[in-house]
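What follows draws every value from the coordinates through simple rules; no lab data is involved. From a predicted model like this one, the values you see are computed outputs, not experimental measurements. Cβ placement follows ideal geometry from the backbone for every residue including glycine, while neighbour counts extend to all protein chains displayed.
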Amino acid sequence: MDSAPKTGKRSAVTAISPAPSGVAREHFAAEFTFETDCSDVHDALSKGADFVLLDVRSPALFAEGHIPGAINLPHGKIIASKMAEWSQDTVFVTYCAGPHCNGAARGALRLANLYRPVKIMAGGLTGWMDEGFELAKGEAGR
């Protein structure tokens with residue numbers, strides 16, 4: 001059933017047609033190779049994570065509140081020597097303050113440039129809190 005109004009004018013939403021379903025399927029399936037969500041991270045952490053969770057914000061912001069189990073490594077400090085303690089196939093998940101922050105992407109790019117497997121946790125810290133998950137406080141930087 002088509003419930004769209006027949007005004008003859010297209011909205012900003014439909015002015016550019018959606019991609020064909022095959023293209024859309026490939027695009028959305030690929031997103032899961034680049035990101036995960038707060039709920040999946042929370043679930044994995046509660047069962048024993050098979051990844052390293054990196055909070056890429058500043059040490060001061062990390063100390064104010066972070067995801068329990070996260071390691072603080074600001075994105076600008078992600079360099080080969082800092083990553084040497086983990087095996088080359090270790091999966092990293094980066095997060096920052098939230099959707100308004102590009103720190104997670106900056107950290108993920110630095111990790112990818114070091115040939116490390118990486119995903120971003122969509123939503124960041126604000127998404128984590130929106131889910132009602134607890135924060136830890138204090139320092140645990142690198």
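Remarks
- Listed by chain and number, the aspartates and glutamates whose alpha-carbon sits under 18 Å from that of LYS77, ignoring those within fewer than 8 places in the same chain, are ASP55, GLU85, GLU139.
- Comparing SER81, SER17, SER58 in a Gaussian network model of the chain (Cα springs below 10 Å), the most mobile by mean-square fluctuation is SER17.
- A Cβ-based charge dipole, computed about the Cα centre of the chain with Lys and Arg at +1 and Asp and Glu at -1, lands at about 600 debye.
- Semi-axis lengths, Å, the chain, gyration tensor of Cα atoms, sqrt of 5 times eigenvalues: 34, 18, 14
- Cα-projected label distance for ARG10 with ALA80, points at 7 Å along beta-carbon direction, nm: 4.9
- For the chain, modelled as a GNM whose springs connect Cα atoms under 10 angstrom apart, the maximal fluctuation among GLY132, GLY65, GLY124 occurs at GLY132.
- Percent of beta bridges antiparallel (DSSP, the chain, rounded to nearest 5): 5
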